[in-house]
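Below: one structure, written as structure tokens.
The values are calculated or read from the model by the stated rules, or taken from the named source; none is laboratory data. Since the structure is predicted, the reported quantities are computational estimates derived from the model, not experimental observations. Glycine gets a Cβ as well: all are built from the backbone with ideal geometry, and neighbour counts include every protein chain shown. Remember, those area values only see protein heavy atoms, side chains included, never the ligands or the DNA or RNA. Shrake-Rupley method; radii C 1.70, N 1.55, O 1.52, S 1.80 Å.
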Protein chains: 2
Amino acid sequence: MLHIHKVSELTGVTVRTLRHYDQIGLLQSTSKTEGGHSLYSNGDLKKLQQIQFMKKIGFRLNEIKNMLNSSDWDWSDSLRNQLSYVKQEQENLNKMESALRELIHGMAIEDENNEIAIQKVMQLANSNKVLQQKYRRTLFKERELKLWKKVPNMTSDHPDTLEWIALIGQLKRFINEDPGCSNVQNIIRRMDEKRAETFGGETEFLDKLWDVRMSEKKSEQLGLYPIDQDVLEYMNAAYKIFIGKKG
Amino acid sequence: MLHIHKVSELTGVTVRTLRHYDQIGLLQSTSKTEGGHSLYSNGDLKKLQQIQFMKKIGFRLNEIKNMLNSSDWDWSDSLRNQLSYVKQEQENLNKMESALRELIHGMAIEDENNEIAIQKVMQLANSNKVLQQKYRRTLFKERELKLWKKVPNMTSDHPDTLEWIALIGQLKRFINEDPGCSNVQNIIRRMDEKRAETFGGETEFLDKLWDVRMSEKKSEQLGLYPIDQDVLEYMNAAYKIFIGKKG
DNA sequence: GCTTGAAACTGACGTTACGTCATTTTGTAT
DNA sequence: ATACAAAATGACGTAACGTCAGTTTCAAGC
């Protein structure tokens, strides 16, 4: 158990930053003294390390928060990604080195070649950004895939499937009535319970389904049960009311 | 001559960023259309490349502006610095690679070794910051040295020296009178002309001298003519009035 | 010369990830 | 018990753009 200053010293992250992470709920120390002083564990250090990497490749703090909070975060996958990122950056730096040498070499002479060399160096400086984006996408895709695997795949004969179809069917019958009425809200409550079972803390659930409908391709790819857009819209409206009542 | 979008495309810097640099006077295109559209030259691209590097090692935009504006900026020095920075970063990444491998290797086992490995990785992630700071200092020191070489070194027998001594001597005689009076202001004007000759656009001149007096060590190191602090204070006051009248 | 759609400009306000105080609490060494 | 370093709390500040909305300019075809 380390206090905040020690963590800052060990990791090079400023105290203010740690407190900021605490505030926004990104990294809260596992334990606190009765007076409210933070005490960080080894697990917290691990998490901090992850945060640092994910920041480096361009994620924003709230994105990082979502990903780390999601129950299925794979620390080992992420480490392998880090390694592979490091190796790629090494290659980039090698290219950068030769480009710089070329530029320095041709510096005395002012000509066309020089312009090209300059552009080369600049693009290499950016290829680092490109690399970051690439790994951002990689991490994101991995996570998305894991999420999608949990979405009830309507073509498979997963036991959940029938229940989801039944629930959606029930909803359809009320599509011309008030989404706030008790019948509908009961169905929605059941759906929400099912959602909680299946997705744990994930709250983006409906947004996901929505996205699927928005792009036909995705739902083809994933072989999802096709839900009519009007039903989805209705469901969305009803769900919002449900959340409003709950919160 | 390239318009802004082309530059953005070639370099990977966003249009908005280029415009921002334009606004703050960091990088203004050498020519514009009569309608006010920017047209960037190859020199501008060079400058942009410098800016990118200096940003990468942690300078702030206004610092970069100062350094690049200063007449004695050495593009070739800076490139060599970039190269040396790149090579150091390569080494860092190598260390990072083995640290990561160590962590991944020992991941299955949860023990003390693991904690140490985590800290190692985190510190390496920061060693990048340390490196940046180092090169920031390097660049800064080089520039400071060049500035100091232009400060009239009072122990040498540079032709300027005598005139500076004379001016300061004259100023001393008025030290008990109003720093705004015409006699004093005339001396100050002459000093300012001399300053402009010697330092070009550098406006930090008096601040520099001030700093020297503040730390005895510096003035020893540089072998500057010792100016009494009260004279400096008086000079400072008179100079401020002078600037006020001028502006 | 005139139209026209794309690109550029000109503000203005928003945002992210902290930095920087200033003040109050809490931990701990004596 | 007291004193003094560390930590918390809160509030405001900031750098470097992003984003949006409205206007102007450019180049290209008719």
**Fill in**
Of (1) in the same structural domain as residue A:138 (by TED's automatic domain parsing); (2) outside any helix (DSSP H, G or I), residue A:93 satisfies every one except (2)
**Request:** Of all residues in region B:79-103, count the ones that are of a type in the set (S, T, N, Q) and open to solvent by 40 Å² or more (accessible area, probe 1.4 Å).
**Result:** 4
**Request:** Go through (1) more than 10 Å from chain A (Cβ to nearest Cβ); (2) open to solvent by 20 Å² or more (accessible area, probe 1.4 Å); (3) of a type outside the set (Gly, Ala, Ser) and name the single condition residue B:131 misses.
**Result:** (2)
**Of all residues in region B:24-53 being more than 12 Å from chain A (Cβ to nearest Cβ) and under 20 Å from the mean Cα position of the chain (by Cα), the one that is farthest from DNA strand C (Cβ to nearest atom)** = B:26
